[in-house]
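Colleague: Attaching a single structure in structure tokens format; questions to follow.
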Amino acid sequence: MQFVYPQILWVLAALAIPIIIHLFHFRRFKKVYFTNVSFLKEIKEEKSTRNKLRNLLVLLSRLLAFTALIFAFAQPFLSKDNTAKSGKSYVSIFVDNSNSMMASSQDVPLVDKARKKAEEIVNAYEASDQFQIVSHELKASQQRWLNQENTVSAIDEIEINPEVNLLSTILSRQMASFPEDGNHFIYILSDFQKSISDLDIRKDSTLEINLLPIQSVKENNISIDSVWFESVVPSLNQNNKLFVKLNNHGDEVREDIRVSLVQNGQTRPEGTIRLNASSSRIDTINLLFTQPGWQELEVRIDDYPIQFDDSYFLSFNIKDKHRVLSIQASGTNRYMEALFDGLNQFDLESVNLANIKYDKLSENDLIILSGLSSISSGLSGSLKSFIENGGNVLVFPAPTLNIENYNQFLNSLNANSIREWSEQERNVHKINTSEFVFQDVFERVGNNLKLPSTKSNYLFTSFSSRAATPLLQYRDGNHFLSKYQLGKGELFVCAAPLEKDYNDLVLNAEVFVPLLYKMAFATNDENKIAYIIGIDNFTEVNNTTSSNEMIYQVKGEDAFIPGQTNLGATTLINFNNMISRAGQYQLTLDNETKEGLAFNYDRLESNMEYMSKDELNDRYGENVNVLDNILEANLTDIIKEKDKGITLWRWCLILALIFLAIETLLLRFWKV
């Protein structure tokens, strides 16, 4: 047996006081006159024996009562390992408040039960102990240590939140918060979904980790995993394919899952689909956009009771025209103009080298350099900035050019340099259909596809550090058309001039047309069509003014002013985890919508599969305590017994009351 406060046992020395009083109890005697002294002696001897016995029993009861009371204050306990946790304790409690905790157990949300159990944990410790409450938001304020009263208030403030972190991240935050002194305890109250339970726990003698599973019956959930367009950029007045990936996380076949689409506020059904157990399926929706501008879409399914992943929001911009700028030394390129005249989605502007408007370059989607013998430093710097911010540039060199000047331009863009001019005839042998420019263009690439040939071309270096991706390649391995990634945009370099005297590309419409068409569509300055709450916290917008007084606002389900960092040509927008509800939002400047934003809940918890107690014990049992079946039990008593052993102070109080009762009965009913 051990004691929480063994120093109190020194009070047992005070038990000597009633013993001394009993042994040296002097009384004043009264004279009593009797006629017969022999009768008095007999009565006196009889009463003296009975009085001594009663007094001894009263003394014994009193001593036992005081002893039991002193033991109660010393708080005796029986410990399994004969060790007691004494001193100040620091207790860090994680309460899972992710969307999966909306599931119910006995018609009560799991998050409510988790809050109640967290309060029982707090009540199991002393008023002098310190507590920390952590949830999935991982706020900076959750790193503070609180007293009992403030801790209970912090627990009451926990609500369901769309952010979700892996439990390993949670545990690392908890472990990093402890001071060096005192006893350290960690409690994790969660449903322990397998998708987030990635803990790697090692034995630590200075830390006690407790896992408390709070779970409901597994739900068979259907979720919208992701949504995307077939093309990088949806087109105006064209058939656009939208792909929807659905997941069945249950072990039952689901029939007739209704899919609907909300397009700019108008809802239309898209039919029903069938999903096999524990499987995925990609469905296709055909969309026609007749008006340019920002478009808002929402894909929905009907599924119950888990509904946070039944909607998927998208927001994107449909351009009226894709702007293409063609820069040449003089004149115009009739092949280029003929090509774009037949494509209504494009607006081609042809300018000579002397008439370039440098301040307007950023308004284009694709810039084509054709037949320039040299590139000025001003144009080179402007093109580099244009590419880095998401634009695409296509270069057709001149038959005669300043190689040194061109190499300065190419090197500034981290592209391979020109070695020499070759007049050897070459045929393009290979087309890269895995790249976006030629992806899904041809049903089948075979002998019937006529590829370009050149009578003369430039030869380039082939440094691997320049990371050139071949789009069209000669038989000898040299590149006819190469792609380089730079920042958000791309540089395309052709090895031969565009003139048909050197290059018959313009005569190969089945290659030339999709080449320019998809290069103009492949601009990477397009914003994401969907963001994930808690993960995607940043976006960039192009600055249209040089003013430093720009104040962007986010409007929608929530309205706030985001963090803003001016980076020159762009502004970095930081949402600072201020968006907590999925839906459509607008980034505005002076009440004008600059960008549409669609935020969705994280799908990490869509699979409602939990780790059982046996699985938790098998994986972590050697290094943690797994407290199971706690929903109906009093967690306060369980923790006290765990930390203090079997407490006996209540029994000591009961014994003290019993001995005091015995004393009272002896004094009341034993007459002398």
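Colleague: Could you check what % of the DSSP bridge pairs in the chain are antiparallel, to the nearest 5?
Modeller: Working: 86 of 132 bridges.
Taking every DSSP beta bridge with both residues in the chain, the antiparallel ones total about 65 percent.
Colleague: Give the label of the value calculated from the structure for Rg and Dmax of the Cα atoms in Å, choosing from [x] 41.0, 161; [y] 28.5, 93; [z] 32.4, 110.
Modeller: [x]
Colleague: For GLY250, what residues show an amide H to amide H distance below 5 Å, using hydrogens built from the backbone and excluding near sequence neighbours?
Modeller: Here the answer is ASN221, SER278, since their amide H atoms fall under 5 Å of that of GLY250.
Colleague: Among TYR458, LEU486, VAL506, which residue has its Cα furthest toward the positive end of the charge dipole of the range 414-569, with +1 on Lys/Arg Cβ and -1 on Asp/Glu Cβ?
Modeller: After comparing all options, I get TYR458.
Colleague: Could you go through the range 201-211 in sequence order and give the Karplus-derived ³J(HN,Hα) for each residue, using 6.51 cos²θ - 1.76 cosθ + 1.60 with θ = phi - 60°, rounded to whole Hz, and x for Gly and Pro?
Modeller: Karplus-based 3J(HN,Hα) across the range 201-211 equals 9, 10, 4, 9, 5, 8, 9, 10, 10, 10, 9 Hz.
Colleague: If you don't mind, another one. Rank these by accessible area, largest first, 1.4 Å probe: ASP283, ASP618.
Modeller: Working: ASP283 30, ASP618 135 Å².
Most to least solvent-accessible, the answer reads ASP618, ASP283.
Colleague: Distance between Cα centroids, the range 316-373 to the range 177-216: provide it in whole Å.
Modeller: Taking the Cα centre of each part, the range 316-373 and the range 177-216 sit 61 Å apart.
Colleague: Pairs of Cα atoms under 8 Å, at least six residues apart: use those to get the relative contact order of the chain, whole percent.
Modeller: Details: 1289 pairs, mean separation 110.3, N = 672.
In percent, rounded to a whole number, it is 16.
Colleague: Greater than 29 Å separation of Cα atoms is the criterion. Which listed pairs, LYS139/LYS488; LYS139/LYS528; LYS116/LYS139; LYS319/LYS384; LYS430/LYS455, meet it? It would help to have the intermediate numbers written out before the result.
Modeller: On the way: LYS139/LYS488 32 Å; LYS139/LYS528 27 Å; LYS116/LYS139 21 Å; LYS319/LYS384 24 Å; LYS430/LYS455 17 Å.
Check vs 29 Å cut-off fails for LYS139/LYS488.
Colleague: Given +1 on the Cβ of Lys and Arg, -1 on the Cβ of Asp and Glu, and no further charges, what dipole in debye does the chain carry about its Cα centre, rounded to the nearest 20?
Modeller: Working: 65 positive and 84 negative charges, 859 e Å.
The calculation lands at about 4120 debye.
Colleague: Determine ³J(HN,Hα), in whole Hz, for all residues of the range 166-172 in sequence, where each value follows from phi through the Karplus function 6.51 cos²θ - 1.76 cosθ + 1.60 and θ = phi - 60°; x replaces Gly and Pro.
Modeller: 3J(HN,Hα) across the range 166-172, in whole Hz: 5, 5, 5, 5, 4, 4, 4.
Colleague: Quick check: the distance between the Cα centres of the range 457-492 and the range 583-608, to the nearest angstrom?
Modeller: 37
Colleague: Continuing with this model, one more query. Work out from phi, with θ = phi - 60° and the Karplus expression 6.51 cos²θ - 1.76 cosθ + 1.60, the ³J(HN,Hα) of each residue of the range 118-130, listed in order in whole Hz, and give x for Gly and Pro.
Modeller: Each residue's phi maps through the Karplus curve to give 5, 5, 5, 5, 4, 5, 7, 10, 7, 5, 7, 6, 10 Hz.
Colleague: Can you figure out the FRET efficiency of LEU166 with LEU459, using R₀ = 45 Å and their beta-carbon distance, to the nearest 0.05? Please report the intermediate quantities before stating the final value.
Modeller: Values: r = 51 Å, r/R0 = 1.14.
It comes to 0.30.
Colleague: Before rounding to the nearest 500, sum -39500 (n - 2.57) across all DSSP H runs of length at least 4 in the chain and divide by the residue total; then give [θ] at 222 nm in deg cm²/dmol.
Modeller: Values: 12 runs with 160 residues, N = 672.
Taking each H run of at least 4 residues, the total per residue is -7500 deg cm²/dmol.
Colleague: Which distance in nm do the two modelled labels at ALA354 and MET578 give, with both placed 7 Å along the Cα-to-Cβ direction?
Modeller: My value for the distance between the label points is 5.1 nm.
Colleague: What stretch of the chain, leaving out the sites themselves, is the longest with no chymotrypsin sites (Phe, Trp or Tyr not before Pro) in a DSSP loop having at most 14 other Cβ atoms within 10 Å? Mind showing how you got there, number by number?
Modeller: Working: sites that count: PHE24, PHE26, PHE29, TYR33, PHE34, PHE463, TRP670.
No qualifying site falls inside 35-462, the longest such stretch.
Colleague: Under a 1.4 Å probe, what is the accessible area of the range 177-228 per residue, stated in Å²? Write out the running numbers ahead of the final one.
Modeller: Numbers: 2020 Å² over 52 residues.
Heavy-atom SASA per residue in the range 177-228 reads 39 Å².
Colleague: Go ahead and collect, in residue order, the members of the range 463-477 whose backbone nitrogen is under 14 Å from a label point 7 Å along the Cα-Cβ direction of GLN424.
Modeller: Label zone hits: 474-477.
Colleague: What accessible surface, in Å², does a 1.4 Å probe find on GLU363, ignoring ligands, DNA and RNA and rounding to the nearest 10?
Modeller: The accessible area of GLU363 comes to roughly 90 Å².
Colleague: Of all accessible surface on the chain at a 1.4 Å probe, what whole percent is carbon and sulfur?
Modeller: On the way: 17170 of 34880 Å².
Carbon with sulfur: 49 percent of the solvent-accessible area.
Colleague: Related question: How large is the accessible surface of THR332 in square angstrom, using a 1.4 angstrom probe and rounding to the nearest 10?
Modeller: 90
Colleague: Give me the angle, in degrees from 0 to 90, between the Cα long axis of helix 635-644 and the longest principal axis of the Cα atoms of the chain, rounded to the nearest 10.
Modeller: 70
The values are calculated or read from the model by the stated rules, or taken from the named source; none is laboratory data. Just so it is clear, the model here is predicted, and its values are computed rather than measured. Neighbour counts are summed over all protein chains in view; Cβ atoms, including those assigned to glycine, are modelled from backbone coordinates with ideal geometry. What goes into the accessible areas is simple: the full protein's heavy atoms, side chains included, and nothing from ligands, DNA or RNA. Shrake-Rupley method; radii C 1.70, N 1.55, O 1.52, S 1.80 Å.
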